[in-house]
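Report on one structure; see the data block that follows.
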Amino acid sequence: MWGIIATWRMAVEGITEASYILENHGDAGDAIETAIKEVENFPYYKSVGFGGLPNEEMEVELDAAYMDGNTLDIGAVAAIKDFANPISIARRLSKEKVNSMLVGEGAEKFAHKEGFERKNMLSDRAKIHYKNRVKEDCLKSLEELEIKPYTGHDTVGMVCLDESGKMTAGTSTSGLFMKKKGRVGDSPISGSGFYVDSKVGGASATGLGEDLMKGCISYEIVRLMKEGMHPQKACDIAVTNLDKELKERRGKAGDLSLIAMNNKGEWGVATNIEGFSFAVATDKQEPIVYLTKMIDGHCVHEVASQEWLDNYMKTRTAPLVEK
Ligand code: SD4
């Protein structure tokens, strides 16, 4: 038995690659790294790796993490610039007993010393998005300028189970478009952006990092699964509770979308937004993209239609003009 679940439609090519590894008795670490690299390398995704949207100084600062659910090893990088595959650097760091989470210049120094591929991660398309946004923002009031992480800005988060029963979790993101230099979201933070324990299962998040971190929500889902809860129920409860707490105390909640898988390959998803997409592959099913829908306050999901999938790629690759 094996399985892999990931946030957003953009992960489906990656999890397809991972499924070849997993069906050939491969390792959950290799599978998840391969899957996330695939997303990092695809230039048309605006929120992960090359092509990711820049911070307010027009620099692409990337966050990534890797966790091994057998050993509980964690490696992470945050606000790293000019390296092609942050997930691989995070995985390499997970082998370190100390200094396993590095930020900025320190992370870059480590990556350089270890021979990771250097690359300017600011694509021409990302530059155009930046320039257009600067122009738009000049015309907006402060109220309208509130951070909206979902304007095409999606973190890839994955949980993977291999045939040996080993589980891994991984994340990679360019964070929020127009973030402050040095801003770090939930994605490289253990318990918030990801968590995995092969004895139980794992979870990973996408959405507004500042709010996801308020609930340590990935850990919370694993904790609920450890109490015997199915991943779907654990996701539903954790997302509903955090959304409610945030609204009660702060008047509103940012976007929260979570995926989870347990060590039996069962999975679950919950979100407080409309139209969250995710992808799953297991030994029993080919890679499939799903979309969520809210029905009577419950998050349900359905297989994405061919029309939706075609339109997705069309909009991602559509020509972009400077305004
Ligand atoms: C962050 N959670 O840096 C990420 C961004 C994201 O959809 O997932 N956007 O806060």
Largest fluctuation, Ser100, Ser204, Ser305 only, Gaussian network model of the chain with Cα springs under 10 angstrom, belongs to Ser305
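Using the scaling law 2.2 N^0.38 Å as the reference, what is the normalised Cα Rg of the range 174-291?
1.05
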Projecting each Cα onto the charge dipole of the range 47-146 (Lys/Arg +1, Asp/Glu -1 at the beta carbon, about the Cα centre), which of Gly115, Met101, Asn132 comes out farthest on the positive side? Gly115
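Can you compute the charge dipole magnitude of the range 222-294 about its Cα centre, using +1 on each Lys and Arg Cβ and -1 on each Asp and Glu Cβ, nothing else charged? Give it in debye, rounded to the nearest 20. The partial results should precede the final answer.
Details: 11 positive and 10 negative charges, 55 e Å.
Value, rounded to 20: 260 debye.
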Placing +1 at every Lys and Arg Cβ and -1 at every Asp and Glu Cβ, with all other atoms neutral, what dipole size does the chain have around its Cα centre, in debye to the nearest 20? 700 debye
Karplus 3J(HN,Hα) series, Hz, for the range 60-68 with 6.51 cos²θ - 1.76 cosθ + 1.60 (x for Gly, Pro): 8, 9, 10, 10, 7, 8, 9, 9, 9
Max mean-square fluctuation residue, GNM over the chain, Cα-Cα springs under 10 Å, options Ile128, Ile36, Ile15: Ile128
The chain, relative contact order in percent, only Cα pairs under 8 angstrom and at least six apart counted: 21 percent
In this structure, among Lys97/Lys199; Lys95/Lys119; Lys166/Lys264; Lys37/Lys264, pairs with alpha-carbon gaps over 19 Å are Lys97/Lys199; Lys95/Lys119; Lys37/Lys264
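At R0 = 41 Å, how high is the FRET efficiency between Glu302 and Met58 if r is their beta carbon distance? Nearest 0.05 is fine.
According to the calculation, E is roughly 0.60.
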Of the candidates Glu266, Glu307, Glu57, which one comes out as most mobile in a Gaussian network treatment of the chain with C-alpha springs shorter than 10 Å? Glu307
Taking a spot 7 Å from the Cα of Glu105 along the direction of its beta carbon, which residues of the range 73-87 have an amide N less than 18 Å from it? 78-83
Let me cross-check Thr271: its accessible surface, 1.4 Å probe, with only protein heavy atoms counted, in Å² to the nearest 10? 10 Å²
Accessible area expressed per residue, the range 1-59, with surrounding protein chains retained (probe 1.4 Å, Å²): 32 Å²
Tell me the per residue accessible area of the range 160-226 using a 1.4 Å probe; a whole number in Å² is fine. 28 Å²
Roughly how many whole Å is it from the C-alpha centroid of the range 265-323 to that of the range 243-261? 20 Å
How big is the Kirkwood radius of the chain, worked out from every pair of different alpha carbons and given in Å to one decimal? 19.3 Å
Once phi is turned into ³J(HN,Hα) by the Karplus curve 6.51 cos²θ - 1.76 cosθ + 1.60 with θ = phi - 60°, what whole-Hz value does each residue of the range 215-221 show in order, with x for glycine and proline? x, 6, 6, 5, 5, 4, 5
Could you work out how far the C-alpha centroid of the range 163-187 sits from that of the range 219-240, in angstrom? 20 Å
Using θ = phi - 60° and the Karplus curve 6.51 cos²θ - 1.76 cosθ + 1.60, what whole-Hz ³J(HN,Hα) does each residue of the range 251-268 get, with Gly and Pro shown as x? x, 7, 10, x, 5, 10, 9, 10, 10, 8, 9, 9, 7, 9, x, 7, 9, x
Report, by chain and number, residues whose modeled amide H sits under 5 Å from the one on Val103, excluding near sequence neighbours (fewer than 5 apart, same chain). Ala78
Report, in deg cm²/dmol and to the nearest 500, the calculated mean residue ellipticity at 222 nm for the chain, where each DSSP H run with n ≥ 4 adds -39500 (n - 2.57) and the sum is divided by the residue count. -10000 deg cm²/dmol
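The values are calculated or read from the model by the stated rules, or taken from the named source; none is laboratory data. Small disclaimer: the values here were computed from a predicted structure and weren't measured. All Cβ positions, even for glycine, are placed from backbone atoms using ideal geometry, and neighbour counts span all protein chains on display. We work out accessible area using only protein heavy atoms, side chains counted, and drop any ligands, DNA or RNA first. Shrake-Rupley method; radii C 1.70, N 1.55, O 1.52, S 1.80 Å.
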